[in-house]
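The values are calculated or read from the model by the stated rules, or taken from the named source; none is laboratory data. Quick caveat, the model's predicted, so the values are computed rather than measured. Positions of Cβ are generated from backbone atoms using ideal geometry, with glycine treated the same way; all protein chains shown enter the neighbour counts.
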């Protein structure tokens with residue numbers, strides 16, 4: 001049974017790595033390339049078992065040393081793949097070199113391990129550092145994702161498919177697995193991993209495959225427009241550069257409000273900053289400024305306030321009594337139950353069910 005699981009793990013990782021690196025659907029190109037590299041590096045953890053199955057025995061330390069070192073690079077490459085998901089124009093800087101400290105230390109310990117006959121303590125130190133390294137990069141990866149969630153609200157009105165929530169689950173699962181494997185190796189230094197660890201690994205890989213192959217392009221704006229909007233958003237009100245005069249701002253506020261009421265573009269679940277800007281004959285940067293300064297909120301909350309108001313209107317209409325809450329949500333521009341419930345409560349202070357119940361009792 002364990003042999004079959006090992007073959008499935010190794011084959012699945014190689015296939016998924018190939019699909020992400022070649023990226024036939026052409027979405028999130030840089031991020032998927034590096035994530036594919038992560039999966040390829042991850043597959044090497046089962047290489048010895050695969051070699052054993054095909055009776056290809058290599059005893060040379062010179063062969064395994066670079067492979068072991070490349071395995072230690074897996075967490076840092078994973079972190080940089082997330083950096084590209086959060087910003088496709090991510091650039092390496094000098095401060096990013098700090099992240100290679102752990103792999104270098106691990107390489108030094110790995111080399112030392114080959115020069116000592118009694119290396120039990122070295123093996124334990126190696127396992128402890130592997131756990132620390134995983135924890136270190138998980139924290140940085142999580143921070144990257146949280147920043148990403150805030151930024152995409154500047155461009156998109158529905159973020160449920162581009163908020164990298166699936167990678168958050170992967171981070172949690174991999175961290176749990178790393179801790180399990182590390183503790184297991186500390187307690188049973190020379191024992192092979194059991195069937196349970198390999199089954200969990202295979203389930204994580206299938207989860208990654210499902211989510212990575214159905215992902216959408218995260219950023220539809222070009223680099224210049226995106227950087228202008230992000231920079232503008234990060235500036236304080238006193239330092240924010242005025243790109244629209246006060247008189248024009250008031251006129252555009254009126255035009256935008258009338259457009260939202262008349263044409264109801266928010267009913268389009270895929271409404272983006274770019275599309276709405278085209279309807280007003282503005283650049284995405286100008287529209288972002290208009291919403292931020294004129295309405296004191298970002299694009300996501302501006303659009304979803306209209307959607308929530310639309311839901312309330314439909315719930316108050318007795319002709320919609322036979323419709324489900326989720327049906328009304330989709331009719332109002334939401335594209336998922338989770339996003340609908342969370343956004344509705346954040347804006348109105350009540351869950352959709354609570355609002356419906358309170359209105360039906362009047």
Exercise. Does residue 58 fit the bill of being in a loop (DSSP other than H, G, I, E, B) and modelled with pLDDT under 90?
Worked result: yes
Exercise. For residues in region 290-300 being in a helix (DSSP H, G or I) and out of contact with any helix residue (DSSP H, G or I) (no Cβ under 6 Å at 6 or more places or on another chain), which is farthest from residue 161 (Cα to Cα)?
Worked result: 293
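Is region 26-42 home to any residue that is without any contact (Cβ under 8 Å) to a residue 12 or more places away in the chain and assigned by TED's automatic domain parsing to the domain that holds residue 78?
Keep residues of region 26-42 that are without any contact (Cβ under 8 Å) to a residue 12 or more places away in the chain, which gives 26.
Within this subset, residues satisfying the condition of being assigned by TED's automatic domain parsing to the domain that holds residue 78 are 26.
The answer is yes; a qualifying residue exists.
Collect the residues in region 306-355 that are loosely packed, with under 13 Cβ neighbours inside 10 Å, under 30 Å from the mean Cα position of the chain (by Cα) and not in a loop (DSSP other than H, G, I, E, B), keeping them in residue-number order.
Quick first cut of region 306-355, residues loosely packed, with under 13 Cβ neighbours inside 10 Å only: 313, 317-319, 321-322, 324, 327, 338, 346, 349, 353.
Applying the additional criterion that residues be under 30 Å from the mean Cα position of the chain (by Cα) yields 327, 338, 346, 349, 353.
Result: 327, 338, 346, 353.
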